[in-house]
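For reference, the structure discussed in these notes is given below.
The values are calculated or read from the model by the stated rules, or taken from the named source; none is laboratory data. Note that the structure is predicted; figures quoted are calculated from it, not measured. As a convention, Cβ positions derive from the backbone with ideal geometry for all residues, glycine included, and neighbour counts pool all protein chains shown.
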Amino acid sequence: MPFGLGPTPLTYKIAPMSDNFAANFESPSPERLSFWAEQANQLAWHKPFTKTLDWSNPPFAKWFEDGQINASYNCLDRHVLGGKGDKTAILFEGEPGDTQTYTYSELLAETKKAANALLDLGIVAGDRVAIYMPMIPETVIAMLAVARIGAVHSVVFGGFSADSLRSRIFDAGAKLVITADGGFRKGKAHPIKEAVDHALQDNSCPSIEHILVVQRTNSDVALSDKDIWWHEALAKAAPEHEAVGFDSEHPLFILYTSGTTGKPKGILHTTGGYLTGASYTHRTVFDLKSETDVYWCTADVGWITGHSYVVYGPLANGVTQVIYEGTPDSPNFERWWEIIAKYKVSIFYTAPTAIRTFMKVGRAVVDGHNLSSLRILGSVGEPINPEAWQWYHEVVGGSKCEIVDTWWQTETGSIMISPVPHTMKTKPGSAQRALPGITIGIVDENGSPVISSAEGSEAGYLTIDQPWPSMLRGVWGDPERFIETYWSRFPGKYFAGDGARFDEDGDIWLLGRIDDVIKVSGHRLSTAEIESALVEHHWVAEAAVVGAKDEITEQAVVAFVILRQDELGDAPNEEEIGKVLRSWVTEKIGAIARPRQIMVVSELPKTRSGKIMRRLLKDVAEGRPVGDTTTLADSSVMKAINDKLHNGATD
Ligand code: PRX
C-alpha cells in the first residue's frame, strides 16, 4: 500500500543533509532489535515481517517494513477468534448516568458495519477522516473503522473551537468528518455539530464530501445534503467486513499538537510500529493481568493518551475498560470515585492536574468510596509534584498501589520513561527510568552528555538516542519541519523539548518544557499560537504569552498585549478589554487556551535584535523580582510593566 495518497503527499525524499548528519545516528544492537521483534510478534500479522528496522536513512525509520498488519483486526477480530468474544471490552458511563456495555464481539460487529458505511461513502485506504466527538463508544468504533479500511484518522479534541477544527481538517485534506449532535458535559447537552458547520461554512474545506453524525443528545441539528446520520448509515451497511493487512508503515493516524510556532503540527504515526509500542508499554507499565483487570484511563481520545491508552494499547491487549463521558465534577466531585467503586477498577490512569484539584477539594470526596480494587495508579501529561504523588498514593491508593509516573509525548506514540511496577522502588516526583527497549540521554547545551555523579547531575536537555517502533514518522506535509524540530538540535538524537536531570541513583527527573510550549492541565499549547490568535483581534497590535506557574493546572496562560489606540474607538476599559480578549482566544482556539490573565502594556521587553524576552514576562506573571534586564534594548520597559502589575484583568 503506497504512502501519501491524497492532496498532501508525504514525501520521503529530503534534500540530502551533510554526510555527517546520517553518520551521527546510532544503530540499535542486534539484541535491541530482537527485543522489539519479540514485542511486535505478540501482535497478529497478516504477513509476518522479516526485517525489523531500516535505519539507513535517518531520521526516517521503517519498522517491520515487509510485514502487513491491520490495527482494527488486532484490537477486535483477534480476540473474538481467540474465544474472547463474550469478554467485556467497554463499560461506558454517560455523564447523565446512562450506561452501555460492549463485548468484544459487539464492538467488532459495530466496527464492521461502520467500516462498510465508510466504504459506501467512498472512503478508501489513505484517505483522511476527521473525528470530532464526545467521549462515547462510537468514537472508538469510528477510529477502529477508519483504521480497518486503511484510512487515516485525525481526531480533533471536542473542546477545540470551530477555527481550530477547520485548520486541522484543511491541513489534513480530510474527505469526511465524523461527529455527533452533541455530548453531555457539566449537566448539559453541549452542541458539537454546530462547530463542524461553522468550520465548514463557505466551503472553506473543499476536500470534505460528507459528515457522519452520531445521535447522542437528541438535539435539533440542521442537516445539509452532505450530512448523514451515523445510525442510518450503519443500518444500511453490510454486517460483514473482512480486515485486510496493510503495510506496517501504512499511516494509521495524524494527531495535531502544538509546537513552538503558531501552526499546530500534524504528527504522523504508522501502523505496525505504533501498535507494537502502544501494546507493549500498556502491558508492561500497568503490569497488565488482562483476564482480571478493569482498566480506566480518564484521557479524552482527542489527545495522544486517549489514542494509545484508551483505544490501541488496551484493546490490542484485550482488556475490559471503563469509558466515561463527562467531567470529574459532574454532578459532583464524588463521580470518579463512584465509578471506580462501581466497576471495581484495578488500573487507573490520570493527570496530576486532576489529583491536585481533588487535593484542594479535600479527601472526604474520595474517602467515602471503596477503592480497594485499585492496584496500579498512573500519572501522565506533566510533572507530578511529590505532594500530589503522596496524596494519590495514600488517599486514592490506600498506600498499597504502585504509582507509575509516565513520561512521553504525542511524538513518541507511547510511554518512554516510567517505573515498571514491582521491579523498582518508586520515588515521588520522578518518572525514573527509560523502559526496556528505550535509550534516553540528557545532554548539555553543546550536546555532550551531562555528568552524573553521586550527587546526581546538572539539568540538561532530554534526548532519545535510538529509534523506537512508535516514533513519529513525520509532520504531515512538512518533512523539513520534522527534521528541524526533532533531529537537528542535537545531531543523531531525538530532541524532546524537555529539561531533565539525573538524581544520585541515576533516576530521571523531568523539569518541564524548555521551549515555548506550555502545559495547562496537561494540555499542550503553544505560546505563539495564542499570540497569533490575540493579534487577529483588531484591538491588538502585539502580544506576548507566557506560561505562569499555577497551583492546580501546573501552568496558566498569561498574556501581555499592546493595544492599537487607533482601533479602540469606544472600547471599554482595560478590565473589559481583558474579558473580551479572553473570550476571543476561547473562540479562536478553545477554552483550554483561555488566558488566566491579560495585562495591557505599552511596550514589550525586547532584545536589541527584536526578540521578546519571555523570561522577564514570566517573572512578572509569577510575581517574582524581574531577572537580568541588561540585554534589553530599553531597560525601562520592565519597570513600566512592573508598575502596572496589579492592574491586569483576571477571571
Ligand atoms: O513536557 C512533557 C510533558 O508533556 C509533553 C508532551 O505533551 P503531549 O504531546 O501533549 O503528550 C502528553 C501525554 C503523553 C512532554 O514534552 N509530560 C508528559 N508526561 C510527563 C510530562 N512531564 C513530566 N512528567 C511526565 N510524566
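Evaluated against (1) assigned to a helix (DSSP H, G or I); (2) of a type outside the set (A, V, I, L, M, F, W, C); (3) over 13 Å from Phe560 (Cα atoms), Arg582 falls short on exactly one condition, (3). Screening His537 on (1) under 22 Å from Trp303 (Cβ atoms); (2) buried (at least 17 other Cβ atoms within 10 Å of the Cβ); (3) not small (Gly, Ala, Ser) shows it passes everything except condition (1). Given the condition part of a helix (DSSP H, G or I) and modelled with pLDDT of 95 or more, answer yes or no: does some residue in the stretch 53-67 qualify? The answer is no, given that none of the residues of the stretch 53-67 is part of a helix (DSSP H, G or I) and modelled with pLDDT of 95 or more.
With within 16 Å of the ligand (Cβ to nearest atom) and either among the acidic types (Asp, Glu) or modelled with pLDDT of 95 or more (or both) as the only criterion, which of Glu536, Glu529, Glu587, Glu551 stands out? Lay out the reasoning, then the answer.
Working: Glu536 fails: within 16 Å of the ligand (Cβ to nearest atom); Glu587 fails: within 16 Å of the ligand (Cβ to nearest atom); Glu551 fails: within 16 Å of the ligand (Cβ to nearest atom).
Selected residue: Glu529, the only one of Glu536, Glu529, Glu587, Glu551 that is within 16 Å of the ligand (Cβ to nearest atom) and either among the acidic types (Asp, Glu) or modelled with pLDDT of 95 or more (or both).
Inside the stretch 605-642, residues that are closer than 22 Å to Ala556 by Cβ, more than 32 Å from the chain's Cα centre (by Cα) and either hydrophobic (A, V, I, L, M, F, W, C) or at pLDDT below 90 (or both) make up a count of 6. Among residues of the stretch 369-394 that are within 22 Å of Ile518 (Cα to Cα) and within 13 Å of the ligand (Cβ to nearest atom), those with a Cβ under 6 angstrom from a residue that is charged (D, E, K, R) and assigned to a helix (DSSP H, G or I), sequence gap 6+ or separate chain, pair up as Ala388/Arg356. Taken over the stretch 364-399, the criterion of being assigned to a loop (DSSP other than H, G, I, E, B) and touching a Pro at 6+ places or on another chain (Cβ under 8 Å) is satisfied by Gly381, Glu382, Pro383, Ile384, Asn385. When every residue of the stretch 574-588 is checked against the conditions, none turns out to be without any contact (Cβ under 8 Å) to a residue 40 or more places away in the chain, surrounded by 12 or more Cβ atoms within 10 Å (Cβ to Cβ), more than 32 Å from the chain's Cα centre (by Cα) and closer than 30 Å to Thr353 by Cβ.
Of the strands (runs of 3 or more DSSP E) lying entirely inside the stretch 173-251, those containing at least 1 residues that are polar (S, T, N, Q) are 176-180. In a residue-by-residue description of the stretch 339-351, the property of being among the aliphatic types (A, V, I, L, M), farther than 21 Å from Gln100 by Cα and either in contact with a His (Cβ under 8 Å, 6 or more places away or on another chain) or within 16 Å of the ligand (Cβ to nearest atom) (or both) applies to at least one position. Restricting to the stretch 409-450, and then to whatever is among the basic types (Lys, Arg) and over 23 Å from the mean Cα position of the chain (by Cα), can you tell me which residue is farthest from His393 (Cα to Cα)? Out of the qualifying residues, it is Lys425.
Of the listed requirements (1) over 21 Å from the mean Cα position of the chain (by Cα); (2) more than 13 Å from the ligand (Cβ to nearest atom), Phe482 misses just one: (1). Determine, yes or no, whether Ala500 is part of a strand (DSSP E or B), within 15 Å of the ligand (Cβ to nearest atom), closer than 27 Å to Glu38 by Cα and of a type outside the set (Val, Ile, Thr). Against the criterion (part of a strand (DSSP E or B), within 15 Å of the ligand (Cβ to nearest atom), closer than 27 Å to Glu38 by Cα and of a type outside the set (Val, Ile, Thr)), Ala500 does not qualify.
When Ser164 is tested against (1) touching a His at 6+ places or on another chain (Cβ under 8 Å); (2) within 28 Å of Gly94 (Cα to Cα), exactly one condition is not met: (1). Taking the numbered list (1) part of a loop (DSSP other than H, G, I, E, B); (2) crowded, with 24+ Cβ neighbours inside 10 Å; (3) away from the ligand (no atom under 16 Å from the Cβ) in turn, Gly272 passes all entries but (1). Within the stretch 593-604, if we keep just the residues that are in a loop (DSSP other than H, G, I, E, B) and aliphatic (A, V, I, L, M), the residue that is farthest from the chain's Cα centre (by Cα) turns out to be Val601. If you go through the stretch 88-122 and pick out every residue that is farther than 30 Å from Lys188 by Cβ and assigned to a strand (DSSP E or B), you end up with 1.
So, in the stretch 30-52, of the ones that are outside any loop (DSSP other than H, G, I, E, B) and among the charged types (D, E, K, R), which residue ends up farthest from Gly150 (Cα to Cα)?
Glu31
Looking at the structure I just gave you, is Asp300 more than 16 Å from the ligand (Cβ to nearest atom), in contact (Cβ under 8 Å) with a residue 24 or more places away in the chain, closer than 26 Å to Asn385 by Cα and not polar (S, T, N, Q)? So Asp300 does not fit the description; no. Out of the residues in the stretch 514-533 that are surrounded by fewer than 23 Cβ atoms within 10 Å (Cβ to Cβ) and of a type in the set (A, V, I, L, M, F, W, C), state the one that is nearest to Gly259 (Cα to Cα). So the residue we want is Val517. Restricting attention to the stretch 165-186, the residues that are crowded, with 23+ Cβ neighbours inside 10 Å and of a type in the set (Ser, Thr, Tyr) add up to 1.
The residues listed here are Phe490, Phe495; of these, the one that is surrounded by fewer than 23 Cβ atoms within 10 Å (Cβ to Cβ) and within 14 Å of the ligand (Cβ to nearest atom) is Phe495.
Within the stretch 403-427, residues that are under 14 Å from Gly277 (Cα atoms) reach no partner that is near the ligand (Cβ under 7 Å from one of its atoms) and modelled with pLDDT under 95 with beta carbons closer than 6 Å at six or more positions or on different chains.
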